[in-house]
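Colleague: What follows is a single structure, and I will ask about it in a moment.
Quick note: the coordinates plus some simple rules give every number you see, no bench work behind them. Just so we're clear, the structure is a prediction, and the values are computed from it rather than from any experiment. Note: ideal-geometry Cβ built from the backbone for every residue, glycine included; neighbour counts use all protein chains shown.
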Amino acid sequence: MRSKLLMSAAGLLVAIVPVMGHHAFGGEFDPNKPVLLKGKVTKLEWVNPHAWIHVEIPKENGEKACEFTPNAKCDEWMVEGGTPNTLLRRGITRDSLKAGTELVIDGYQARDHSLNRANGRNVTYPDGRKLFLGSSGTGAPTDGADPTEAAKGRGRGGR
Amino acid sequence: MRAIVAVAIALVSVLAAPLSAQAPRPTLRTPDGHPDLQGTYDIASMTPLERAPGTPLVMTKEEAARFEKERADRVKRLALPSNGDRSAPPAGGDGSTGAAGNVGGYNNFWIDNGTEYYTIDGQKRMSVIVDPPDGRIPPLTREAQQRAASRVARPTSDAQENDLGLEGPTAYDDMERRPLGERCLLGFGSTSGPPSLPVLYNNLHQIVQTNDTVLILNEMVHDARVVRIDAQHLPTTIRKWMGDSVGHWEGDALVVDTTNFTDKTRFRGASEHLHVVERFSRIDAKALRYRFTVEDPSTWEKPWSGEEVWPATKDLLFEYACHEGNYALGNILRGARLREKTRQ
């Protein structure tokens, strides 16, 4: 009985604890402008408070020549992630995500629609694997899901 | 032969002596004789500041283990692959709450908010707050309620970023009305302290100690607190974002007293009269005990206190040049200008 009470209390606890972060995503991105971006990485801004992944999206009247798709035009988008420090401690650096890597990103566009910016609500490789997790060929040494694996990362000395 | 055995036995007993003397281990000390609090600490924890009404401070180890496993399972679940052929999320928002703001925030792999509850004196704790005994922040005074109601914005040190971009007509009027975390002035969630609280990620704190100064360096926003030992507080005309901290030793505990806050820090709705007393002491070579008491008679009906464990980590504290990539603030303000046009 006590256990049940505690369970429901813990459920309640989860409900009342506000998730706090650097900023409110709702103020930055427009819930009425969902986007699905399929393109290739051109640059990674591995900076605080949030990392930004630049991707080029092939488009007929794109703003510039694509870097990774020959004879095609692309729009460049910026996709907001979280703090890089957490990933650095798992051994993931800005070199872990190579330019030219193909990604699938879903999120919402910035409230200012003149900006090609979106939040990286879910950033994956084309086969659905989460970015930086269990990846091959990107140099990411750990999948992050297992805390004991973190000790093997380059930036982490273990606890 | 017998002599060799005797020498060997003597040698073994000499070698064994320091081992047995290690329990209990003497407190690590600096050359001036005070406990050595230096190190890097990762205070990420599942223990929230407050706990749900009617729940106990301490849960059994079995209960804690179950919740900790649930957390670990959730992290694993969120790391599983999605469908690569998925479509865009729903128009009108994905229903996410909190900082994710109905647009889904970002993937879980960016988060590092602890895998366990704080264990203090062998107890698994359900809240940081130990006093009042119900584990809740005391009610706001009438004065504090009026103060909060009269404010058009809340640029606080622990702002709860849970609005959906609709915080109120004037909250986005200029950048100085935005929360301190959003402006890269202080880390969010009172990670900078005082009091130092566990937050969503980057929970690393480094302590560097000399005989007259203790530095508490916080990873997030690179906030540094410089504690002057056996010193007087600054004149009350000098106000600081994280207040003015002076310290003294009480036995083996470092007591840090902080006053002189600005009226913009507003920790949990506090005024510039906020007064925080922290106690740092060593549990063993691997962890510190951190206790704090917060008081401000113009804000809360009574003082309140919390307790944390600061486990040492071999992880490195990384640079945090917060203004470097803070596109978010500009995006938020631009978004607000566009919403104004739509409303007109």
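Colleague: Output wanted: per-residue J couplings in Hz (rounded whole) for the stretch B:118-130, from phi through Karplus 6.51 cos²θ - 1.76 cosθ + 1.60, θ = phi - 60°, x for Gly and Pro.
Modeller: Karplus values, whole Hz, x for Gly and Pro: 4, 10, 10, 6, x, 9, 7, 9, 9, 8, 5, 5, 10.
Colleague: I've got another one for you. Name the residue farthest towards the positive end of the dipole of chain B from the options B:58, B:105, B:332, assuming +1 on Cβ of Lys and Arg, -1 on Cβ of Asp and Glu, about the Cα centre.
Modeller: The Cα lying farthest towards the positive end belongs to B:105.
Colleague: Taking the Cα centre as origin and putting +1 on Lys and Arg beta-carbons and -1 on Asp and Glu beta-carbons, what dipole magnitude results for chain B, to the nearest 20 debye?
Modeller: That gives a dipole near 560 debye.
Colleague: May I pose another question? If you average the sequence gap of Cα pairs under 8 Å that are 6 or more apart and divide by the length of chain B, what percent do you get for the contact order?
Modeller: 20 percent
Colleague: Would you pull out the residues with amide H under 5 Å of residue B:84's amide H, same chain only if 5 or more places away, H placed 1.01 Å from N?
Modeller: For residue B:84, the qualifying residues are A:128.
Colleague: May I ask you to evaluate 6.51 cos²θ - 1.76 cosθ + 1.60, the Karplus curve with θ = phi - 60°, for each residue of the stretch B:173-187 and list the ³J(HN,Hα) values in order in whole Hz, giving x for glycine and proline?
Modeller: These are the phi-based 3J(HN,Hα) values: 4, 8, 4, 6, 8, 7, x, 4, x, 4, 8, 6, 8, 9, x Hz.
Colleague: Is the shape of chain B best called rounded, prolate or oblate, per the rule: a/c under 1.5 gives rounded, else a/b larger than b/c gives prolate, else oblate, with a ≥ b ≥ c the square roots of the Cα gyration tensor eigenvalues?
Modeller: Prolate.
Colleague: If r is the Cβ-Cβ distance from residue A:99 to residue A:73 and R0 is 22 Å, what FRET efficiency results, to the nearest 0.05?
Modeller: Rounded to the nearest 0.05, the efficiency is 0.75.
Colleague: Please list 3J(HN,Hα) in residue order for the stretch B:294-304, calculated via the Karplus relation 6.51 cos²θ - 1.76 cosθ + 1.60 where θ = phi - 60°; whole Hz, with x for glycine and proline.
Modeller: 10, 9, 6, x, 7, 10, 10, 5, 8, x, 9
Colleague: Moving on. In nm, give the distance between the simple-model label positions of residue B:263 and residue B:66, each being 7 Å from the Cα along the Cα-to-Cβ direction.
Modeller: In this crude label model, residue B:263 to residue B:66 measures out at 5.0 nm.
Colleague: State, to one decimal in nm, how far the label point of residue B:283 lies from the label point of residue B:314, with both points 7 Å from Cα in the Cβ direction.
Modeller: Rounded to a tenth, the inter-label distance reads 2.0 nm.
Colleague: For residue A:119, enumerate residues with amide H under 5 Å from its amide H, sequence gap 5+ or separate chain, H modeled in the peptide plane.
Modeller: Close amide H contacts, sequence-distant or interchain: A:80, A:108.
Colleague: Something else about it: What lysines does residue B:286 reach when the alpha-carbon gap must be under 29 Å and sequence neighbours fewer than 8 apart in one chain are set aside?
Modeller: Cα-Cα hits under 29 Å: A:152, B:61, B:69, B:76, B:124, B:314.
Colleague: While we're here: Once label points are set 7 Å from the Cα along Cα→Cβ at both residue B:250 and residue B:85, what is their separation, rounded to one decimal in nm?
Modeller: Each label point lies 7 Å from its Cα, and together they span 6.7 nm.
Colleague: Moving on. Does the stretch B:237-309 come out rounded, prolate or oblate, given a ≥ b ≥ c as the square roots of the eigenvalues of its C-alpha gyration tensor, rounded meaning a/c under 1.5 and, failing that, prolate meaning a/b above b/c?
Modeller: prolate
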